Amino acid sequence: MDHRTPPGSIAPHIPAADWQRAQATGQPVVIVLNDTHPTGIPWRRALIPFAIAGAVVAGGWGLVACLCLLLDAAAHTATVIAGAAGPIGVGGITLKVFSKK
């Protein structure tokens, strides 16, 4: 059995002679626990929300960067296709997108 269990989880050991004497005389058994709580801010409880917020911000910036990359690739693809196709005509109206010199 671990003798370093934290206070409050189980009762500390009472010697048998003291227990029997208290039972025989009707005297109460007084148990004194020195419960020390750490002072200050519990850092884990304070830092977890900031870690989650930081992960959300980093993910948001990653999505923005990915969207910019995809739009850049789409613009380059449209430019290459328009340059290779030459003039674009719809219903008799011709639009010359790029002029070759």
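The values are calculated or read from the model by the stated rules, or taken from the named source; none is laboratory data. Quick caveat, the model's predicted, so the values are computed rather than measured. Only protein heavy atoms, including side chains, enter the accessible area calculation; ligands, DNA and RNA are left aside. Shrake-Rupley method; radii C 1.70, N 1.55, O 1.52, S 1.80 Å.
With respect to the conditions (1) modelled with pLDDT under 75; (2) more than 30 Å from I14 (Cα to Cα); (3) open to solvent by less than 100 Å² (accessible area, probe 1.4 Å), L95 falls short on a single one, namely (3). Within the option set I41, I81, being of a type in the set (V, I, T), at pLDDT below 85, open to solvent by 90 Å² or more (accessible area, probe 1.4 Å) and not in a helix (DSSP H, G or I) holds for one residue only, I41.
For residues that are within 51 Å of the chain's Cα centre (by Cα) and among the hydrophobic types (A, V, I, L, M, F, W, C), scanning just the range 21-36, find the one that is least open to solvent (accessible area, probe 1.4 Å). Please lay out each step first, then the result.
Taking the range 21-36 and keeping what is within 51 Å of the chain's Cα centre (by Cα), we get 28-36.
Checking the rest, the ones that are also among the hydrophobic types (A, V, I, L, M, F, W, C) come to 29-33.
Working: V29: 65, V30: 118, I31: 81, V32: 115, L33: 93 Å².
Top of the filtered list is V29.
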